[in-house]
Structure formats: structure tokens, C-alpha cells
Amino acid sequence: MRGSSFKTLCVALLWAGVVTPVCAQVFDYDDRRPQALSRCDDPSWRGREADARSCYQALLRDSEDVLVRAEANWALGNLQPANDLFRQAVAANPRGIVPRLRWGRLFMGTSQYSDAAKLFQEALEIDEKDKQARVAMARLTAERFVGDAKDSIDELLKEDDTLLEAHLVAARLAIENGDLAQARREAQRALDLAQKQKRPPLEAWTMLAAAEVVANRNPDRWVRAALNYNPRYGQMFETLGTFEVVRRRYREADAWYARAIEVQPDLWSAQRERGLNMLRLGDRDGARTHLERAYGGDRFSTATVNTLRLLDSLDQFESIDSSAPALHLQLHRSEAAALSPYVQQLSREAIATFSQRYGWTPTDPVTVEMYPDHDDFAVRTAGLPGIGLLGVTFGHVVAMDSPAGRKSGDFHWGSTLWHELAHVFTLSATDHRVPRWLSEGLSVFEEWTTGPTPGVNIEPPTLDKFIKGELLPIATLDEGFIRPSYENQVQVSYQQAGLTALYMAQRWGMPKIVEFLHAFDGNVTTAEAVKRVFDIAPEDFDKDFTAFLNERFKNYVADPERWLEQLRAANAAAEKQDWAAAKKAATEAITLLPEYTNEGSAYIALAAAEEGSGNRDGAIAALESWRKAGGWDPAGLRKLGALLLAAGRKDEATVVLAAVNYADPLAQPGHAQLGQLLLDEGDNADALREYQVLLALAPLDASAAHFGMARAYRGLGDEAKARRNLLQALETAPHLRPAQQMLLEMTGNTQGNQP
């Protein structure tokens, strides 16, 4: 969801008959930079575009140095010639480090991170101790959010404290981690070095300004310094906007992006980022305006092109508005009629629940957008396809996959919507100052305790990290979301944060959690808030939380390998129909980790074993325990519903089969059955919904849907709509005896009135 904080490269194009002005390159802090470029760099750094352009063009005419010509083309925005010349420079000097680093920086500046990484790695293979190559790789790691760059930066600075760019990267990492005092120290050291080494101080001033912004303080001192040095330095404001996006403060980000464009209208990356951010704020017209401007100046930005295409496709969506509470739904035309009843109902329940729990009510309509194509959702979220998210919240706007975005059983859209709507409250109630870990943790906690799939559902990798002592302290838990250091740390951090909220609720109660949430209305750290609200040192909190996890998961912690052995044994025995062995192994696996309800759950194997051995009540009990623990797979729910119906427990079956709609509402089977059960209970309104959804799903035979709607309307007292749907049912299936009987009854009751 963020652009490159340090990207200062833009593209010069012949557009509207005018060549765009020279654009600042990615700053080169390497002492090995060719001296011929230095006389051109200074006017470029200071925003004197005409002078810089003339100087670089002269180098293109006069210099025979391939590397100098590559740099001059890059500075002029001629990216393809620059790329070709860097390739020549590398070919001419197979052991050359500088050509590889600068070529890699070109790729890095245009977001081609894989190519950049390859070149940086080649440089390190030539000389693993090369400091500038190590700085480049660390900066790339920091920008991509694919690993922890802190250790490598710390090691570099320990070796050589005069590495200006390493201090800039260290400042950025410290800001992201909330250590603003350290960020200021690093940025100030970078500023001192820039002045001493006669390098541009613009990035150092930007980091100092960013530290003030994140501290909710005025950065004007550093802004004035930067603009005095270069009145067209829009990258500073783009970077400040980016840091606000990281904090999910999208309105504040918009103001910074607007300032970037005001200072440097041809900073196409800022135009793009403002467009993407306006889309987060729900302003589609504003988003299109800035994205089109960005495209006019840079036709090669994948995020810009993808998002403009997405905006063009939004005429395929329907807008559905409702009040009390104010909701605005954006659903694809192909599924709007089928989804809207469930989305509206669940959204209203969530808003009512969270308003009461958190003491805050939305002042603006809450918007819910659902995308049947996952790549459309990904583009809407980050401008690029392929992200692994299911949903995201931008203030009052929730965007997420629709049930059609994943195959059945892979995605519980109801829990995702509940999770994201919880964010609306925790973010807005604190003016978006809540730490990421707490907002995510409370959303997970709400999924477990108030959502449509209650139950603490834990994945073993989280517990395995706990056993190894690799869970993060509460004071630094945000790092697991912002800068993960191992492959699945984000997922582990989600569950750790949820467990932390669960622990706080069980120890101190929900009112104390709300007080803790509002502690972040001001500018406090997690450690400060823990001490203030819970009257406990963060280190003691961590010890008590560890004791809580050890107690709750003591069976698994004692022998995690045993759990996996028994789970595999249970499923293997069930497949062989060795019911006795399956029961034994499944029961032990459940005892070791009752919170595991996902694919291959021991509860499912136990239910199959109980049913296979003729114990229907035992199978029902196993599946009920599975559902209570958080199980939601549609196949499992449908199986439980069928068993309950066979046992004559219709009321319970109705509840279970209704729950399928929050996992798999677009499947036709089940709606008619649920509609009939609801009619039997006298719940005509919900029965009508089920038959309307069935009709919206376009069944080959619509008679069942129309007949069901006729009965529901009649139960609601709307005789006209009942007759209309009854005749439509008979038109499709003229020999449908129950419909014929109902028509006779209604004809007699209405004395021949025509529909």
C-alpha cells in the first residue's frame, strides 16, 4: 500500500509538444561517482532545471565515458538509452562494481526491484565487503519490506560511521519502528555528513521532517530548509504523505501529496500516489483526475495503468445505499442482488456491536466495496495484482474480495467483513493513531468473540514460534506487521495480537481494553500506554502473557510433534474407515489443540468416525464442537445441518444452515432448503430473502424460487406480490401441485380478483 519513500526519478516524455523538465535522479552518495557529473549535479539538486539540462546535454555531446553518458541520460529522463549504456558499461568492465550499483539504482528508481537486487548481488559477489553495495542492498530491502535491514545497517555504521546513506536508511527504519529519538539522531548525523561531504542535504531534511510528522509535530523548520535549497523539491512532501499512508492517516496524506504537486507539478509519482490515496478516501473523480495526469507524464507506471483500468470497470458495479446506520455498498452487478441482503445485515450488526463496545459512532456513511475478481481488489488496494490480502480498511471505506474472489472453503467473507468493520471503529475512534498491532489484534479478537464464526482459531506455526521464544514483546509487536523478519511473521503477528487482546479482555475486561485503545488518542508508545492503563511494566506484561499462553496451550506446548502425529493418524484412519483408530487419534489431537479447526481438522475426522460407526449423535457433537471452536467450512456446516435435520432438530439445523451464507452464499444449493425451514418457523421475512437470493442466482428452474417467494409474501400479508410470484411459478412449472393448490386457495379468498 505504499510507494517508494526515496524514489526521485521521473520520466521525460514528449507530451503535448513539450519535453518535461529534467528530473532529480536518485541521489548518488558514492565517492566513486565520475567527477565530470559533479558540475551538473549541483544545479539539478537545487532545482535549477534549465542549467542542469544544458549541462547534462553537453556531457552527452562531449563525453566518451559510457558511464557518464548513462548517468546524463538518466538525469535527463531518457531511461531506455540510460539502460542500454549501463549495460554496455557493465559488459566493458566485468569486475566493475560502480556500473552495477548505478544500473541497479536505475532499476530501483523505476520499481524493478528484482533486477536491482540481481545487480546488487553481482556487485557483492565481486566484493562482499564493498560498503556502497551493502548500503544499496539494505536500502532495497527497506523499500521492499521483504526483510529486516536493521542488522546490516547497524553493522555498516559500526564499521564506518561516515556512510551518509546508511544513516538515512537507519533514520527511516527508526521512524517506522516508532523510535523517533533515534530517527532524529540518525537524520541529524546524515545532515552533518551531507554538509561535510558536500552532498545534497534534502533527504536528511526529509527524514527530520518525517520524524516530526509522525510525532504529530510541525515540520516547518525542515520544510523551509529544503525549499530554500530546492524550491521544486516535491519529493519531501511525497515522502511525508507516504509515512502518513503507512500510519493509515489518509486525509493527512492527501494534504502532503497535494503540497508535493503544488511544488512540483511534474512529479508524476506524487500525482499517482495522490490518485491512489483519493481512491482510499472514496473520491473516485479526484482519483481519476490525478491518475490521468500521472499517466500523461509517465505511461510506464503499472500501478497507474492498472488503477485507471479498474476505474473504467466500475460502471459494472451497483451502488446500494441505506440509512440507520448509513451504508453505501458497491457490489458487482453480477452478484449484487444475491449478496446485498447478507452484506447489509452483517454490516448493520457489526456497526451496532462496535458502536456500543467502543463508544464511538461513524459520522459518515460506511462504504463496503466487494470485488469478485481478486486482482481487481488487489489493484484497488495497492495498484498491483497478486497481493495476498482478503480485505483492507481506509477510514470509513472497506474494500475486500467478494465470495466469488476465492473458491468455496478458502474464504469466510463474513468474518473478513466483520474484521474490517472493526478497523473502522478502532482507527476512527483514535484519529488513526492506534498502533497497527492493536487495531489488527482487536479485529481478530472481534472475529473470535462477536463475529459470525466465534471461536479462538489458532494455527500451529504461531504456537511453534511461541515455543521457540520468537514472539515479539508487546512494545515492539508492530515490527511483525511493518517489517517482518521471517516468511510468515505477519500471519503469526496477527494471531499473537489477537491472543494479546484476548488475554487483556480475560484479565482486565472490555472496558479496560477500550481505555487502552483511547490511550493512543495522544502521542504515546505502546510501552507507555501499557504502563499507564494496566499499571504494569511492559516486561512484566510479556511475562504474564507468556504464562497465559503456556496455560491455555499447555497440552500442545508439552508435545507439539505428538499433535501432528495424531492429526495425521486420525485423517489416515478415517480415510481407511478404521473408525476406532480414527476416534482414538482424533480425540487425542483435539485434546492437544482444540483451537485448530482448519483444513484436516481432527474434529472432522472424529465426526466421520462417529457417523461411520453408527453414532449420529456423536457425529453431531463433534461437528458442534468444531463449529464452537471456530470451524466454518461450508461442507462441514452443511453436513452438520443435514445430521441435525435427520435427528429432528430443525431449529438448530436452521441456524447452522443460515451460517453457510457467510461462507458460501453464491452456491444455489441450500437456499431453497433454508427458505423452507424458515417458513416452517414462521420467519417469512428471512425466508423471502432466501428465495430472492435463489432467484438472483439464476437457477435453471425458477419455479421453486417464485413459489417460495409467493408463500413468504403471503405470510407477510402482501397478497398482490404473492399472487404475482405464484403465477410466475406456474408459468414455469404449470403442473406444480402445491402451487396449484395455493392458487385455488387464494382465488377463493380473493373472490376472483386479478393479480
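The values are calculated or read from the model by the stated rules, or taken from the named source; none is laboratory data. The structure displayed is predicted, hence computed values, not measured ones. Neighbour counts are summed over all protein chains in view; Cβ atoms, including those assigned to glycine, are modelled from backbone coordinates with ideal geometry.
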## Note on the structure
Given the conditions (1) crowded, with 22+ Cβ neighbours inside 10 Å; (2) within 23 Å of V530 (Cα to Cα), every one holds for T476 apart from (1)
### Task
Mind listing whichever residues of the range 642-657 are more than 16 Å from A608 (Cβ to Cβ) and crowded, with 19+ Cβ neighbours inside 10 Å?
L644, A653, T654, V656, L657
### the range 395-416, residues that are surrounded by fewer than 23 Cβ atoms within 10 Å (Cβ to Cβ) and part of a loop (DSSP other than H, G, I, E, B)
G395, H396, R406, K407, S408, G409, D410, F411
### Task
Tally the residues that are among the aromatic types (F, W, Y), in a helix (DSSP H, G or I) and in contact with a Leu (Cβ under 9 Å, 6 or more places away or on another chain), restricting the search to the range 550-590.
2
### Summary
Going through (1) modelled with pLDDT under 95; (2) crowded, with 20+ Cβ neighbours inside 10 Å one by one, R436 fails only at (2)
### Query
When only residues in the range 125-179 that are of a type in the set (D, E, K, R) and not in a helix (DSSP H, G or I) count, which is nearest to T476 (Cα to Cα)?
D179
## Note on the structure
Considering the range 79-114, residues that are among the charged types (D, E, K, R) and assigned to a helix (DSSP H, G or I), and then whichever is farthest from R33 (Cα to Cα), we arrive at D84
### Query
Do the conditions hold for L502, that is, is it in contact (Cβ under 8 Å) with a residue 40 or more places away in the chain, assigned to a helix (DSSP H, G or I), over 25 Å from G359 (Cα atoms) and of a type in the set (A, V, I, L, M, F, W, C)?
no
## Note on the structure
Only one of (1) closer than 17 Å to S408 by Cα; (2) modelled with pLDDT of 95 or more does not apply to W626, and that is (1)
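For (1) in a loop (DSSP other than H, G, I, E, B); (2) closer than 21 Å to W413 by Cβ, each residue gets a yes or a no:
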position: G641; (1), (2): no, yes
position: D651; (1), (2): no, no
position: L657; (1), (2): no, yes
position: D701; (1), (2): yes, no
position: R714; (1), (2): no, no
position: R724; (1), (2): no, no
position: L730; (1), (2): no, no
position: H735; (1), (2): yes, no
position: G748; (1), (2): no, no
### Query
If you check A705, A687, A663, A667, which single one turns out to be small (G, A, S) and under 11 Å from A338 (Cβ atoms)?
A667
### Message
Conditions first: (1) in a helix (DSSP H, G or I); (2) touching a residue at least 40 places away in the same chain (Cβ under 8 Å); (3) of a type outside the set (A, V, I, L, M). D266 passes all but one, so which condition is the exception?
### Response
(1)
### Query
Would you say H419 is part of a helix (DSSP H, G or I), touching a residue at least 24 places away in the same chain (Cβ under 8 Å) and under 23 Å from R284 (Cβ atoms)?
no
### Query
Do we have any residue at all in the range 528-536 that's of a type in the set (A, V, I, L, M, F, W, C), part of a helix (DSSP H, G or I) and under 24 Å from the mean Cα position of the chain (by Cα)?
no
### Task
Under 8 Å between Cβ atoms, at least 6 apart or on separate chains: pull out the pairs that start in the range 575-587 with a residue that is at pLDDT 95 or above and surrounded by 23 or more Cβ atoms within 10 Å (Cβ to Cβ) and end on any residue that is part of a helix (DSSP H, G or I) and of a type in the set (S, T, Y).
A586/Y603
